[in-house]
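Input: a single structure, listed below in structure tokens.
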Amino acid sequence: MKELSKQTKFNMSIETMISLAGGLIIASGFYWNLKAQINEAMLQPVPTISREEFDMKDNMIRNEVMNNRELIEKNFEKLEIIEARLYELKTN
């Protein structure tokens, strides 16, 4: 392994230098664009949810849970029927 000193030569092709420069430019562009978007988002007002909107969403979620519960109960009843039929088939 060579040690680095003032006299160490470093060979790099022009293509590699151009690729590195382009990569650095693209990366810095992404950074500054992201930074600008974050600053813009920080200046926007915080969205407020009204009590009515919250209640409507809450009721929708509760209704969906109850609908799912009814569907699960129906499926459970069907499963019990299928299990009973399967038991009858096994015993006969």
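No value in this document is a laboratory result; all are computed from the given coordinates. Please read these numbers as outputs of a predicted model, since none were measured by experiment. For neighbour counting, all protein chains shown are included, and Cβ atoms are generated from backbone atoms with ideal geometry for every residue, glycine included.
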- Query: What Kirkwood hydrodynamic radius, in Å, does the stretch 48-92 give when the mean of 1/r is taken over all pairs of distinct Cα atoms and then inverted?
  - Reply: 13.2 Å
- Message: If you fit an axis through the alpha-carbon atoms of helix 51-91 and take the longest principal axis of the Cα set of the chain, what angle between them do you get, 0 to 90°, nearest 10?
- Response: 60 degrees
- Message: Rounded, prolate or oblate, given the Cα gyration tensor of the chain, with a/c below 1.5 counting as rounded?
- Response: oblate
- Within the stretch 58-76, what residues put their amide N at less than 15 Å from the label point 7 Å along the Cα-to-Cβ vector of Glu83? 73-76
- In the chain, taking the dipole from +1 charges on Lys and Arg beta carbons and -1 charges on Asp and Glu beta carbons about the Cα centre, the listed residue (Gln7, Ser50, Asn68) farthest towards the positive end is Gln7
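Please work out how much length the chain gains when fully extended from Ile18 to Val46, using 0.36 nm per residue of separation minus the C-alpha to C-alpha distance, in nm with one decimal. Provide the component values of the computation, followed by the final result.
On the way: separation 28, 0.36 × 28 = 10.08 nm, distance 4.37 nm.
Extending this stretch completely gives an extra 5.7 nm.
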- What is the fewest-to-most order of Phe30, Phe10 by other Cβ atoms lying within 10 Å of their Cβ? Phe10, Phe30
- Task: May I ask you to sort Lys9, Lys35 by Cβ crowding, counting other Cβ atoms within 10 Å and putting the fewest first?
- Result: Lys9, Lys35
- Message: Compute the helix-to-body angle for 14-43: its Cα long axis versus the longest principal axis of the chain, expressed 0 to 90° and rounded to tens.
- Response: 50 degrees
